[in-house]
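Written out below as structure tokens is the structure these notes cover.
A short reminder: the numbers here are calculations on the coordinates, not readings from a lab. Just so it is clear, the model here is predicted, and its values are computed rather than measured. Positions of Cβ are backbone-derived with ideal geometry, glycine not excepted, and every protein chain shown enters the neighbour counts.
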Amino acid sequence: MPEIFEVTISTGRVLDGLHWPAENAKANLCVQTGMAEYAKRYDHFATWLAERGVNVWVLDTFGQGENAESPDVLEIWPVNAFTLNVDAIHQMDEMAKKNGLPTVQMGHSMGSFMVQSLIERYPLGTDKVIIMGSNGGQAGLMKLGYFLAKLMVNDKNRDKPNALLSAMGLGSYAKAIKGARTDCDWLSYNVNNVDAYIADPYCGHEATAGFWKEFLKALSVIWDKDNMDAVADGEKILVISGEEDPVGQMGKGPRWLAETYRKLGVKDVTLKIWPHMRHEILNEDDRETVYQYILDYIFS
């Protein structure tokens, strides 16, 4: 069974996550989840890794999982939440590294953008990074989104769902899947996974206006030249995705990321894209193929 761990951010607030300890551990994996999900969804993956010698920590962000006492407070983000959460990821890494084992940081979806920011703000802060279910190369679109969010979000509506911003942020994903059975089919081909996600009150919650403002603020600058130039050429980066993931523009975004990191001088960049997989490659029918690939990368 996983154990609860916590990190304290600069504001004094505590963020919780779940830890799966391994016997005779040989490495650590720290994970930042995607939006509208939570740490316990990684139980099968984390248990599988722990049985093979990897300690796993999975951090919940603000208004998510262990940090949301009820569905009523899901996706509520304070000011500067993205930056604060990147700091929390760094603290999670520092905590894990105390055992002296090699440490890998992985971010999925929303978490993948936080990991992109992590290696800009904390160069070489962890041994390797895995950027999963991500995107890149859409700076202009993100700047426009942030501009609109600034116009629309205020103190009165900040903690309330915003249908327009949610539609702008996620609406195209459902439309990308032809003949979809549900609006969440873009997550995976695995029907059981999609149905479980829809049935879970802690998943798929419509994000608040404040969430979108903070998230778009971060994405509006994450690919600016000054920030990307801060990525150390000694980083070890794995970019992984499903070929049919609309978040990554059906493979275009992950390919852009890998190519851009190489152009920046990062010598150790690996790109792996799985055919016939969508956004949640850890939850597809052939998920243990992905698990094994990640395990091999951790130990390589």
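The table below lists the values:
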read-out: Surface/4 of the Cα convex hull for the chain, nm²; value: 14.3
read-out: Hz values of 3J(HN,Hα) by residue in segment 220-237 - Karplus curve (6.51, -1.76, 1.60), Gly and Pro given as x; value: 5, 10, 4, 9, 5, 4, 4, 6, 5, 5, 6, 5, 6, 5, x, 5, 10, 10
read-out: Restricting segment 205-270 to GluC sites (Glu not before Pro) in coil, as DSSP defines it, with at most 15 other Cβ within 10 Å; value: GLU243
read-out: Options ALA174, LEU219, TRP186, ranked by Cα towards positive dipole end of segment 149-300, top entry (Cβ charges); value: LEU219
read-out: Least to most buried among ILE4, ILE76 (fewest other Cβ within 10 Å first); value: ILE4, ILE76
read-out: Taking all pairs of distinct alpha-carbon atoms in segment 122-276, Kirkwood radius in angstrom; value: 17.2
read-out: Burial ordering of HIS108, HIS279, HIS44, fewest other beta-carbon atoms within 10 Å first; value: HIS44, HIS279, HIS108
read-out: Part-to-part distance (alpha-carbon centres) for segment 61-102 and segment 223-248, which is given in Å; value: 21
read-out: Set of lysines near LYS213 by C-alpha distance (under 24 Å), chain-local residues within fewer than 8 positions excluded; value: LYS143, LYS150, LYS156, LYS160, LYS175, LYS225
read-out: For the chain: relative contact order, % (alpha-carbon pairs under 8 angstrom, 6 or more apart); value: 19
read-out: Distance between modelled label sites at LEU141 and MET1, nm, 7 Å Cα→Cβ extension; value: 4.4
read-out: Under 12 Å, Cβ to Cβ, from GLU6 - net charge with Lys/Arg +1 and Asp/Glu -1; value: -3
read-out: Given charges at Cβ of Lys, Arg, Asp, Glu: the chain dipole, positive-most of GLY137, VAL56, ILE9; value: GLY137
read-out: Magnitude of the charge dipole, the chain, Cβ model with Lys/Arg +1 and Asp/Glu -1, debye to 20; value: 940
read-out: Under 9 Å, Cβ to Cβ, from LEU15 - net charge with Lys/Arg +1 and Asp/Glu -1; value: -3
read-out: Taking THR47, THR126 and counting other C-beta atoms within 10 Å, the order from fewest to most; value: THR47, THR126
read-out: Within straight-line cross-link reach of LYS128, aspartates and glutamates at Cα separation under 16 Å, skipping those fewer than 8 residues along the same chain; value: ASP93, GLU94, GLU120, ASP233, GLU235, ASP268, ASP296
